[in-house]
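Notes to accompany the following structure.
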Amino acid sequence: MKSLRPMLLAAMGLGLTGTVWAASDCQHAYEKFFPYDLPMGNEQAYINVHSEVRLSYDCQVAQAFAGAEARAGVFDLDLNLLQAEARAEARTGEPARAGARVLVMGFEVAREDLDLDSMLDVAISPEPELDVSGSLTLNVGPVPVPVKYGVTTNARMSIRGGTKGFGVALNLEPAASAQVYVQAGVDIAIAEAIARGDVVLVDDVLRNDIALFFEDSDRGYILFDATSRNALDALRGHVFIRAKAGLGPVSKSYERDLLRWDGYHHDELLFDYSERVAILK
C-alpha cells in the first residue's frame, strides 16, 4: 500500500482565451468560445478541471452551450468524476429550447429536454456516492492490524432559469467531489485504537450563467451574455487518532488531531462577457 502524506502542488497552470470569427457562407454568422483548464498534481495524485462556454449564431439559430469536466487520480485510479453539459437555442418567432446531459464516472445518469414553459429549478444528484475501497492486514508484532483505504466520489448539477422575452437565461452549477481515506485500527481485550487520515482530493463548483435574446429593432440584434466562476478546494485534510482503554466505568477515551493542513483554495471569476450582435443589414 502506498503511504498517504500531504501532497505538494508539483504542477499548476490555467488558460483562458476568447476567439471570434465569421463563417464564409453567412455574412452575419458569429461564434465566441471560452475554454478554461486548471490542472494540478504530482506523482501521487492529480486533478484537472475543464470548462467551456460557446456562443454562436449561424443565420438561423442562436445557441449558448456550457460544458464542464472534472477528473482526478489517486491510488493508481483514474476517476472521471463528472461530465456535464447544457445547451439553449432560440430562433426568431419560435419558443426557446434547452437540454442537459450529465455523466458520472463515465456513465450517463441524465439526458433530458428542459421545460422552459415555467421557471426551472432542477437538481441532478445520483445516489448513492461511489466508494472505491480496498483492505489489507498488517502485523505489528503479534497483533494483526486491519487497514482500509479508498476513495469516495460524488457529483451533481443544478439548473435554474427559463424563457425571458424572445430568449432564454440559464444558471448552471456542475459540482464534483472526491475524498481519499486511510484507516487502521486495533481492538484487543482492554483497549482499542483507530488512526485515520482524510484528504479532500477535489471539491469543485463551476457557476455558469448563459443567456441569449433576440431584440426587436430596425436592424435586428442578438444579445449574448455569459458569466463563469470557479470555486475549488483541493488537497485539504487531517490525520487523527481515537483510542479507548480500560473496562466499564473506569475506561477512558482519547481523540486528537495529529496533523491538519488547509490545502489549496481557488475562487476565480473566469469571464464576464456581454455582446450585442447585429443579424440584419
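The values are calculated or read from the model by the stated rules, or taken from the named source; none is laboratory data. None of the values given here were measured: they were computed from a predicted structure. Note: ideal-geometry Cβ built from the backbone for every residue, glycine included; neighbour counts use all protein chains shown. To get the accessible areas, we keep the full protein, side chains included, count just its heavy atoms, and leave off ligands, DNA and RNA. Shrake-Rupley method; radii C 1.70, N 1.55, O 1.52, S 1.80 Å.
State which residue pairs qualify: first residue free of Cβ contacts under 8 Å to residues at least 12 places away in the same chain and inside segment 108-122, second residue basic (Lys, Arg) and surrounded by 15 or more Cβ atoms within 10 Å (Cβ to Cβ) in any location, beta carbons under 8 Å apart, and separation of 6 or more residues or different chains.
Short answer, once both residue conditions are applied: 108/101.
If you check 212, 206, which single one turns out to be touching a Pro at 6+ places or on another chain (Cβ under 8 Å), in contact (Cβ under 8 Å) with a residue 24 or more places away in the chain and either of a type in the set (Val, Ile, Thr) or under 20 Å from residue 67 (Cβ atoms) (or both)?
206
Looking at segment 89-97, can you tell me whether even one residue there is within 21 Å of the chain's Cα centre (by Cα) and in a strand (DSSP E or B)?
Checking segment 89-97: not a single residue is within 21 Å of the chain's Cα centre (by Cα) and in a strand (DSSP E or B).
Considering every residue within segment 258-270, establish whether at least one is open to solvent by less than 90 Å² (accessible area, probe 1.4 Å), in contact with a Ser or Thr (Cβ under 8 Å, 6 or more places away or on another chain), part of a strand (DSSP E or B) and modelled with pLDDT under 90.
no
Inside segment 69-112, can you point out the residues that are of a type in the set (Asp, Glu) and within 17 Å of residue 153 (Cβ to Cβ)?
Residues satisfying the conditions are 69, 76, 78, 108.
Taking the options 200, 168, 180, 205, name whichever one is over 16 Å from residue 100 (Cβ atoms) and either open to solvent by less than 10 Å² (accessible area, probe 1.4 Å) or touching a helix residue (DSSP H, G or I) at 6+ places or on another chain (Cβ under 6 Å) (or both).
Residue meeting the stated conditions: 180.
Considering only segment 20-75, state which residues are at pLDDT 90 or above and of a type in the set (Phe, Trp, Tyr).
Of everything in segment 20-75, those that are at pLDDT 90 or above and of a type in the set (Phe, Trp, Tyr) turn out to be 33, 34, 36, 65.
Residue-wise test of (1) surrounded by fewer than 21 Cβ atoms within 10 Å (Cβ to Cβ); (2) in contact with a Leu (Cβ under 8 Å, 6 or more places away or on another chain); (3) in a strand (DSSP E or B).
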position: 155; (1), (2), (3): no, yes, yes
position: 158; (1), (2), (3): yes, yes, yes
position: 174; (1), (2), (3): no, yes, yes
position: 184; (1), (2), (3): yes, yes, yes
position: 187; (1), (2), (3): yes, no, yes
position: 193; (1), (2), (3): yes, no, yes
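Against the condition buried (at least 23 other Cβ atoms within 10 Å of the Cβ) and under 18 Å from residue 171 (Cβ atoms), how does residue 123 come out, does it pass?
So residue 123 fails the test.
Within segment 40-63, can you find the residues that are without any contact (Cβ under 8 Å) to a residue 40 or more places away in the chain and not in a loop (DSSP other than H, G, I, E, B)?
41, 46, 48, 50, 52, 54, 56
Do we find that residue 66 is open to solvent by less than 10 Å² (accessible area, probe 1.4 Å), more than 16 Å from residue 156 (Cβ to Cβ), of a type in the set (A, V, I, L, M) and assigned to a strand (DSSP E or B) in this structure?
When the stated conditions are applied, residue 66 does not pass them.
Please work out which one of (1) under 37 Å from the mean Cα position of the chain (by Cα); (2) modelled with pLDDT under 90; (3) under 30 Å from residue 35 (Cα atoms) is the condition residue 242 fails and give its number.
Here residue 242 meets the rest and fails (3).
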